[in-house]
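Readers should treat all values here as calculations from the given coordinates under stated rules, not as data from a laboratory. As the structure is a computational prediction, the values presented were derived from the model and not from experiment. Heads up, the Cβs are rebuilt from the backbone with ideal geometry, glycines too, and the neighbour counts pull from every protein chain shown.
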Amino acid sequence: MCADIQSLKLDLRLQARPGSPIMNNSSKPAPPPSILAVDDEPMVLNALKEVLEREGYSVTVSSSPLKALEILRKTSFDVIISDQRMPDMLGLDFLIESKKIRPLASRILITAVLSLPTIVEAINQGEIFRFVAKPWLREELTTTVKNAIHRYHLVSENELLAAQMQELNARLTVANSTLAAQVKNLEVQKAALDQANHDLSNNYAHSLDLCRRILSTYDPYLGDQTKAMVEIAHRMAETQHFTETERHALRAGSWLCDLGLIGIPREALRAFRNNPAKLSESERQNIQSHPIYSQTLASYVDESPAVAETIRAHHERFDGEGYPDGLSALSIPWTARCLAVAVRFVESGLPKEQAIEDILAESGKALDPEAVRLFLKVTHLLQLPRQVKEILLDELQPGMVLANGLYSPHGLLLVGEGQTLSASTIAKILNHNLISPINQQLLVYS
């Protein structure tokens, strides 16, 4: 049974092989297996030829081993069959020589005198594939030849696969070498790019600091204000309430938003800080146009549209009464609404407590309530009761307990102090804020 299964496997592999004598992928049938038979006895040689040709094989015969070697040098054969006792050369010696010429061919020795150790050694060393004893039986001979042909096809296929594998390995070696060179080149390019980015980042930071120094040289008070606004803006930008683009816009905007004040006379700046009523209409218009001037000057340092929009809108008011474009509410960029709180706190010139009161009073008027809440949260300027924390609207979660009541701008109680928030309550608060902004701080028990 095992021999039958093994034979079936060999048959299937042989049939699947391109150019197989049993089946070929093309419509043209494959040539029959070729066999070279060598024997000094013509009758035996003719008998071999007749038996093997009946099996469908192409048979070439030779009565001389020396002539057979010449034939082998010109023609390839699947199987070589040789008699042992011949006058010119022993069959085993002939098969050893034939192996040097056609190493893949299957070699079969026919002998009447059995020297078992010699034959076993020849088989083990691969000099011959099988031997057949004289007088040979037809069935034994044809089976041995069939197996020899299978062996030849398998060896040939393995040789072809080995050659293909060697070629693929060579190509893979070249590809790996090329890939390694490309990786090394990419690493060099990455190092150069990292260095360029590092230098660019340093140059950008130096450019921002240079702008602050220019402001300080023109008006030391402006330089100090810029330093304070940058610190607040950076704290706000570190929270999760900004995209990367918004984060960069808020930080850069805090450095560059007052560049346009360099063109304003110092006397007008002092009057604007101390007594705005003394300003002439022309001076007032110049000061209210400084966000546009700042936007233009900042473009030479940072070409980002988000930075430009933040700088231009940082003096817009939440109620729409700001400048230069009269934007209101959510039409003002989120980064500009946040920067406006920092600017108001720094430019108010009031003591800290009064500045906080001013910001809280302007929440929902000049300032975005959400931006005010974020400002107070990150700066920790407001002293809260113990176990109470301030949050933003988008941080409200079911289960939180309010530490203060929420009222509409008209004094209507929306949610009472100590109430536990549910999902529906939070939805109502958010909807109300869209229609009429909630100006209070959001305090919950921690």
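Things to note:
- Calculated Rg/Rh (Cα atoms, Kirkwood Rh) (choose from [x] 1.30; [y] 1.56; [z] 1.22), label: [y]
- DSSP-defined beta bridges in the chain - what % are antiparallel, rounded to 5: 30 percent
- Enclosed volume per residue, in Å³, of the convex hull spanned by Cα atoms of region 200-264: 82 Å³
- For region 198-383, a Kirkwood hydrodynamic radius built from all Cα pairs, placed in the Stokes-Einstein relation at 25 °C and 0.890 mPa s, yields a translational diffusion coefficient of 149 µm²/s.
- Of the cross-linked pairs Lys49/Lys134; Lys377/Lys428; Lys278/Lys352, those separated by over 21 Å at the C-alpha level are Lys377/Lys428; Lys278/Lys352.
- Ranking Ala277, Thr245, Leu374 by how far each Cα lies toward the positive end of the dipole of the chain (charges on Cβ) leaves Thr245 at the top.
- Quarter the surface of the alpha carbon convex hull of region 32-154 and you get the mean projected area, 6.6 square nanometres.
- Shown here for region 317-379: GluC sites (Glu not before Pro) in loop regions (DSSP other than H, G, I, E, B) with at most 16 other Cβ atoms within 10 Å, namely Glu321.
- Our summary gives the chain a relative contact order of 8 percent, counting only alpha carbon pairs under 8 angstrom and 6 or more residues apart.
- Cβ-placed point charges (K, R +1; D, E -1), dipole of the chain about Cα centre in debye, nearest 20: 620 debye
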